[in-house]
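Enquirer: Submitted below is the structure of interest, expressed as structure tokens.
The values are calculated or read from the model by the stated rules, or taken from the named source; none is laboratory data. As the structure is a computational prediction, the values presented were derived from the model and not from experiment. Every residue, glycine among them, receives a Cβ derived from its backbone with ideal geometry; neighbour counts consider all protein chains shown.
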Amino acid sequence: MSEGRIIRVDMTDQSVSIDPFPEEWHLLGGRALSAKILLAECDATCDPLGPDNVLVVAPGALAGTSAPTSGRISIGGKSPLTGGIKEANAGGNPGQDLMKLGYRAIIVKGQPGDRDKRWALDVTEEGATLKDATEYKGLWNYALIGELAKTYSATASFISIGPAGELELLGASVACTDQEKERHPVRHAGRGGLGAVMGSKCLKYVSVDAAKKPARAPADREAFIAATRTTSKAYLEGPRPMQHGTSTSVGMAQILNTFPYKNRIEGQSPDAETLDGHRIIESFETRGGGMHNCQTGCIVKCSNVVHDEDGNYKTSALEFETLTLLGSNCGLASWEDVADLDRLCDDIGLDTIETGAAIGVYMDSGAMEFGDAEGAKHLMREIAEGSDVGRTIGNGAVATGKRQKHHRVPTVRGQAIPAWDPRPLKATGITYATSPMGADHTAGLVINPGLQPDE
């Protein structure tokens with residue numbers, strides 16, 4: 001593999017430099033690399049939304065290669081939601097493209113003096129440059145990518161924030177575009193409010209154009225190809241548990257009492273049947289859509305593409321966590337309403353877990369009826385507009401609980417608990433309680449501790 005380089009950006013003076021990748025980090029990528037950089041370069045006592053926080057963009061170690069399903073990207077920083085170290089990851093093509101160009105990480109520090117301006121970072125084989133992007137200020141993610149598509153190459157991928165990130169709301173996410181021709185901004189590094197960190201840097205988007213750059217060349221080509229073929233064959237000829245994505249996990253979660261209902265008052269929903277991802281799969285036959293790979297080189301294809309009843313694209317991917325937190329947790333009965341809310345979250349730039357938890361607390365406090373789908377959609381637009389109640393919901397479950405003076409606020413270290421409930425899943429509860437990232441199922445999810453591996 002190539003030695004690689006690091007792009008360093010100082011937003012205080014708008015300078016960009018490209019440094020060699022440290023040899024001692026050679027085997028690190030993604031979450032491990034992000035954590036290494038933060039421990040080395042970020043003051044743990046800094047204001048998460050101040051100039052001393054460090055925003056890290058780090059693809060996985062095998063991104064950009066021909067290894068299957070290896071192109072995810074990690075976004076790291078000190079979380080404004082938890083006050084601790086945080087990593088959130090996403091699919092899409094930016095991770096693949098960065099590594100094809102030989103960039104192992106982007107490190108963003110500082111803060112512009114003019115907080116009203118917006119900036120963009122363009123990354124190509126020739127290097128990286130900052131430029132004024134104030135004309136795109138306030139744009140929602142879909143509109144932003146639509147505008148960028150008019151001026152950038154068809155081979156470019158994008159990392160962006162919506163209005164929630166620009167408003168520095170603590171539930172803000174970072175969007176990555178998928179590999180479809182339209183480059184939908186639907187692959188989100190959602191947890192921990194890292195979109196707010198990017199917004200605090202006034203960095204509206206990053207473009208990555210690998211053009212026709214080939215996949216990275218392995219040091220031992222024959223051995224690498226043999227390993228990737230063996231891995232791919234084993235998956236494709238196996239049970240393929242993720243062939244329909246995570247949305248079809250609803251039934252299992254309902255059985256395990258971990259399909260939270262009405263702000264976790266109960267662990268099962270009476271509407272599980274109409275929220276089940278199998279209804280999404282059934283819609284493909286009449287509406288179109290289907291399962292696809294969100295990034296080049298992924299053989300799992302766990303991402304669903306959801307169309308409306310007229311056959312028009314609506315959103316991708318509608319995941320189990322979203323069906324749970326924005327659906328069952330808010331007393332909603334229809335996956336189609338959740339699809340609308342998912343689209344709004346992607347467009348505004350919000351974590352669906354944190355936002356669903358916040359709306360659930362808001363409803364539980366009596367401010368809105370459980371099951372009010374249209375009311376929830378209105379709240380989403382209030383977030384984008386930055387109204388008082390919108391900012392509260394956009395800042396997450398804890399902020400909403402404080403505003404409403406409500407007693408039931410399901411969080412750990414300030415971060416909303418995901419769908420996987422720690423009461424029936426006690427091993428997962430230990431993860432939430434001990435992880436420095438708070439309630440985050442990606443830090444270690446154990447659904448059945450007694451399940452033995454295959455002999």
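Enquirer: Cβ-Cβ under 6 Å, sequence separation 6+ or interchain: first residue in segment 39-64 and assigned by TED's automatic domain parsing to the domain that holds Ala172, partner part of a loop (DSSP other than H, G, I, E, B) and among the small types (Gly, Ala, Ser). Which pairs?
Expert: As it stands, the answer is Pro51/Gly110; Gly60/Gly29; Gly60/Ser70; Ala61/Gly29; Leu62/Ser70; Ala63/Ser70; Ala63/Gly71, since those pairs meet every condition given.
Enquirer: Quick check on my filter: what residues within segment 348-384 are of a type in the set (D, E, K, R) and surrounded by 24 or more Cβ atoms within 10 Å (Cβ to Cβ)?
Expert: If the condition is that a residue be of a type in the set (D, E, K, R) and surrounded by 24 or more Cβ atoms within 10 Å (Cβ to Cβ), then Asp351, Glu354, Asp364 are the ones that fit.
Enquirer: If you don't mind, there's one more thing I want to ask. Return the total of residues in segment 60-85 being part of a loop (DSSP other than H, G, I, E, B) and charged (D, E, K, R).
Expert: Of the residues in that region, 1 qualify.
Enquirer: Further question on the same structure: Here's a check for you: in segment 1-53, which residue that is assigned to a loop (DSSP other than H, G, I, E, B) and among the β-branched types (Val, Ile, Thr) is farthest from Pro80 (Cα to Cα)? Lay out the reasoning, then the answer.
Expert: First, pick out the residues of segment 1-53 that are assigned to a loop (DSSP other than H, G, I, E, B): 1-4, 11-14, 21-22, 26-29, 42-53.
Okay, now just the ones that are also among the β-branched types (Val, Ile, Thr), so 12, 45.
Numbers: Thr12: 20, Thr45: 12 Å.
For segment 1-53, the residue satisfying everything is Thr12.
Enquirer: Go through Ala399, Ala427 for me and flag whichever is farther than 25 Å from Arg187 by Cα, assigned to a helix (DSSP H, G or I) and at pLDDT below 95.
Expert: Ala427
Enquirer: Kindly list, by first and then second residue, each pair from a residue in segment 199-228 that is within 23 Å of Arg183 (Cβ to Cβ) and touching a residue at least 12 places away in the same chain (Cβ under 8 Å) to a residue that is of a type in the set (Ser, Thr, Tyr) and buried (at least 16 other Cβ atoms within 10 Å of the Cβ), limited to pairs with Cβ atoms under 6 Å and residues at least 6 apart or on different chains.
Expert: Lys204/Tyr136; Tyr205/Ser160; Ser207/Tyr152; Val208/Ser157; Asp209/Thr124; Ala215/Thr65; Ala215/Ser66; Arg216/Thr65
Enquirer: Can you give me the ranges of the helices (runs of 4 or more DSSP H) entirely in segment 203-316 with at least 2 residues that are crowded, with 19+ Cβ neighbours inside 10 Å, outside the structural domain of Ala172 (by TED's automatic domain parsing) and not β-branched (Val, Ile, Thr)?
Expert: Details: elements: 221-236, 250-255, 272-275, 277-287.
Fully inside segment 203-316 and qualifying: 250-255, 272-275, 277-287.
Enquirer: Here's something else I'd like to know. Would you check if there is a residue in segment 443-453 being modelled with pLDDT of 95 or more and among the β-branched types (Val, Ile, Thr)?
Expert: no
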